[in-house]
Every structure is written in structure tokens, then in C-alpha cells.
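The values are calculated or read from the model by the stated rules, or taken from the named source; none is laboratory data. As the structure is a prediction and not an experimental result, all values here were calculated from the model. Methodologically, a virtual Cβ is constructed for each residue, glycine included, from the backbone with ideal geometry; neighbour enumeration extends over all protein chains shown. These accessible areas exclude ligands, DNA and RNA; they are computed on the full protein's heavy atoms, side chains included. Shrake-Rupley method; radii C 1.70, N 1.55, O 1.52, S 1.80 Å.
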Amino acid sequence: MANPIVVAEGLVKDIGATPVLRGVSLAIRPRGVLAVMGANGAGKSTLLKVLGGIWGYRGGRLERFGKVVPRDAMPDPRIGILGHQSFLYPHLTLLENLRLYARLWELSSVEERVMKAVQAVGLEWAAQDPVRTYSRGMRQRGALARIWMIAPQLWLLDEPYSGLDEEGRRMVTHMIQGAGERGAGLVFTTHRIDEALQCADAVTIMARGTMVWWSRTEGLDRADWDVLRSRYWGGRAFHA
Amino acid sequence: MRKFIVLVGKDLLLEARQKDVWVLMIAFAVLELFLFAFTLGDQGSRWGAARAGILWMGFLFAGMLSIGRSYARESQEDTLTALSLAPGGRMPVFWAKLAVAFVAMVTMEGVVVPLYAMLFNLPQSLLSGPLALVLVLGALGVVAVGTLMAAVGFNLSGHDTVMPILLMPLEVPVAITAVQATAQLWQHGDPWPWIHGLMAFDMVFLALPLLAYEFLWEV
């Protein structure tokens, strides 16, 4: 079995004095896709930022690509992160943005890669328009094009389906499956179980900074999910 | 180095599109000059050391107004995070911001100084080589402190308010040394002790980010 791309053991992260991650453990191997679910404020986005090295962590252990990551934040260009914002400059066109990131990532055949990325997200028709004229869904597509273009070994996607139309959602599913097939590891957050069941090998639920439940998606059905949802989303059970 | 060059190109392209930093700087400095020229009339040319102060106050406030904007541009879509993820580490992001701000300051000085000479009847002989050195070193001091403080302020809530308060006391040494060096030049005194002071100040604020910048990225 291939070595894990990322291993977290008992990760602890505070923001100010507030504990946001309280001992999160996970391992992602090549081709592994994990869906992280949970109510707002559960710590999903923070987990992705810590895994991606945008933020440091206070306790536990984090290993990426076989090396222990120091507790100070340490990014790695082999990681592609989709955040709540697009990471695109609004006053530049999508083509200019992608060219910029292609040069920063020192990719070869810049123009070819940029055009393929634009095609992959279906934005050929708007690629020469400034990103500030884009709708929310178009920005999300542009942000996904950036990650697709750099072809990272670890994809960390925070609500990748957010703001997308039906065709866009299919595109994301296809993109996640394709990245997994090419050997990348993926972690993505979502609020919809059908999205998790479509793409992920495993699904976990976070509540108040810890992973309270996980399962392989194979064999998991909607009825089980409805019971879990009532247990971990809202209400007093959440605080138990 | 490659990342630095790409980021300088990006910042220049953004400035060409948005025109919000350089235009603001030059407009502010020119307006300040006209304000003093109209207020003081022909007395302005007889004010000795205060003439240098008028020039440098314009540069200082124009720099303070505009340098923070270069980081503010990165906040809209969290692009600073994306830049930090790219190969080459985080320092090139800072040096690129500093380099573009420096070019902007020197360009502003290039526009303002001839205008100043005209408005305040400054003889051509006083626009000497050493003045160019003082202008370059002064610009470097203003942008070194300003860019570092802009990076500090980026993660602070209400950074628009906090920035000038943090920046003002730190810019005092560069203001004093630059004004005194310019005044000594224009009064045919010895500017070199002040120029050396300006050099020392520049070196401190160019070295400080190497030690502190990585800490600025954390929450």
C-alpha cells in the first residue's frame, strides 16, 4: 500500500484563545478521497488550512509527503487549496490570473496548460473578461481551474460545489474523480451527503473541532445518514 | 528570484489596470506642494530648512497613504494566501511589494521635485547629485518601514486606522534625517552625517523583515 500523502495525529489548533481543532486524526493515501462534513463552525475550514500549511498548529503531529511539518505554518507547492475566496485578482482576466499562477508554479508549456484549464472548467467564453465581472459560480470555476492547472498531489477543497449550477457540480465531481484516478489525495468539505457519496471513499463528521464519526462511503445509504445528521447537527446532542 | 520578478510584474500590471496607488501618491504630493506654494507665496523660497520639510512631508504622507494599498489589494480574494503557497517561500512577496513601492516613490519624486523647484524658485545648482542620493535613500526608508507595517497591519482588524498610528513614529527617523540632509545640501553645509544616518536606518528596516516577516503570516 502506498505511503500516506498526509497523516495528522491529534491535531490541535487555537484561534486566539478559542480551541478550534481538538485532536483531529486522519490519513490520506494516494487516490484517497475524504469528505468532511459538519455543521457551521465545526472546524472543517480550519482543518484544511492547517493541513495545507496556511496556518500552524499548537499540538499533535502533522506529516506531509513523508516529512513532519513544523508547528509554524509551512505551505507546500504540491498542495492545491480551494478556499472560500477564489485567490484570483479581480482586475485581471482569468487568462492573466492563470498565467500568473503557472509562472509562479514554474510550469512548462504555460499557454497550453492555461487553455486546457480554462476548457476543463468551461469558461472559454469568459476567459478574457476581468474576474471582477464574474458571478459567484464563475469565480468558483476559475478557482478550480487554478488548482487543476497546477495538478497538485494533495487537493484540499473547501466547499468546492458552492455556488455552482448543475453542470458545474458535475464538473467538480468529474474533477475530483479524475484527480483521484491520477494518484492525488483529496480532502473536501461539503454540506450535502450526495456529493460525498458521489466522490469520496470515506466520509467523516466533525463537531466542535473533533471528528466524531467516520465511515467508508461504500454501503452507506441515505437512511443511515439521516439518523447521523439528526445526532450531530444542532440540538443538545451536539454539545454532549 | 524568479518568484520576485513574476510578482513585481504582477503588481505593475495591477497598478496599470487600477491606477489607484501611483496616481494617489503623485496627486497628493502635487496638491500639497501647490497648497504650500499658494499659502506662502514668494516667502517660501526664503524659509531655509523649512523648505526641505515641505518637500519631505509631502513625500512621507503620500507614501503612507498609498503603500498600504498594495497589501489591501491582496485581501479582496485572499490572493496573499495563494502567493504564499507558491514555490519560493513568502519573502519574495514582501520584496516585490517593497520594490514596486520604491519605484512608485522614486517616480513620484521625479515628478514632484522639478515642480517644487519651479514653485519655490529653487536654483538649478541645488538640484545636485547628492540630492538624488538623499531622495533615493529617503524613498527607500519610507517604503521599507511602510511595506513592513502594511504587512503587519494586513492581519489586523481595522488596519486602515491602525496603520498610520503604527507607521508614523517609525517614519520619524527617516523624516528627520532626510529633511536635515536636504537642508544641509541647500544651505551648502555638510549633509554626509545625515546621509549616513539615513543609510543606517534603511539597512535596519531592510534587515528587520528577514527576521520578522514569517511571523506575520500566522493568525
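Within segment A:63-104, the residues that satisfy the criterion of being without any contact (Cβ under 8 Å) to a residue 60 or more places away in the chain, closer than 26 Å to A:ILE176 by Cβ and aliphatic (A, V, I, L, M) are A:VAL69, A:ALA73, A:MET74, A:LEU88, A:LEU94, A:LEU95, A:LEU98, A:LEU100, A:ALA102, A:LEU104. Residue selection: B:LEU167 fails the criterion of being open to solvent by 50 Å² or more (accessible area, probe 1.4 Å), more than 14 Å from B:LEU55 (Cβ to Cβ) and hydrophobic (A, V, I, L, M, F, W, C). None of A:ILE176, A:ILE205 is in a helix (DSSP H, G or I), touching a residue at least 40 places away in the same chain (Cβ under 8 Å) and of a type in the set (Val, Ile, Thr) except A:ILE176.
Among the criteria (1) within 14 Å of chain B (Cβ to nearest Cβ); (2) open to solvent by less than 30 Å² (accessible area, probe 1.4 Å); (3) more than 17 Å from B:LEU85 (Cα to Cα); (4) not basic (Lys, Arg), the one A:SER86 does not fulfil is (3). Once segment A:89-105 is narrowed to residues that are more than 8 Å from chain B (Cβ to nearest Cβ) and more than 17 Å from B:GLN18 (Cα to Cα), the residue that is most open to solvent (accessible area, probe 1.4 Å) is A:ARG99.
Within segment A:124-149, the set of residues being in a helix (DSSP H, G or I) and more than 19 Å from A:HIS84 (Cβ to Cβ) comprises A:GLU124, A:TRP125, A:ALA126, A:THR133, A:MET149. For segment B:53-91, a residue qualifies if it is in a loop (DSSP other than H, G, I, E, B) and either touching an Asp or Glu at 6+ places or on another chain (Cβ under 7 Å) or surrounded by fewer than 18 Cβ atoms within 10 Å (Cβ to Cβ) (or both), and the qualifying residues are B:SER75, B:GLN76, B:ASP78, B:PRO87, B:GLY89, B:ARG90. A single entry from B:ALA151, B:ALA50, B:ALA117, B:ALA132 fulfils the requirement of being assigned to a helix (DSSP H, G or I) and crowded, with 18+ Cβ neighbours inside 10 Å: B:ALA151. Taking the criterion of being more than 14 Å from chain B (Cβ to nearest Cβ), open to solvent by 60 Å² or more (accessible area, probe 1.4 Å), in a loop (DSSP other than H, G, I, E, B) and at negative phi, the residues of segment A:2-44 that qualify are A:ASN3, A:ARG29, A:ASN40. Scanning segment A:47-76 for residues being assigned to a helix (DSSP H, G or I) and in contact with a Lys or Arg (Cβ under 6 Å, 6 or more places away or on another chain) gives a total of 1. Residues that are in contact with a strand residue (DSSP E or B) (Cβ under 8 Å, 6 or more places away or on another chain) and at negative phi within segment A:57-70 comprise A:TYR57, A:ARG58, A:GLY59, A:ARG61, A:LEU62, A:GLU63, A:ARG64, A:VAL68, A:VAL69, listed in sequence order.
So if I check each of B:PHE28, B:PHE34, B:PHE4, which one is part of a helix (DSSP H, G or I), away from chain A (no Cβ under 14 Å) and surrounded by fewer than 18 Cβ atoms within 10 Å (Cβ to Cβ)?
Numbers: B:PHE28 fails: surrounded by fewer than 18 Cβ atoms within 10 Å (Cβ to Cβ); B:PHE4 fails: away from chain A (no Cβ under 14 Å).
Going through B:PHE28, B:PHE34, B:PHE4 in turn, just one is part of a helix (DSSP H, G or I), away from chain A (no Cβ under 14 Å) and surrounded by fewer than 18 Cβ atoms within 10 Å (Cβ to Cβ): B:PHE34.
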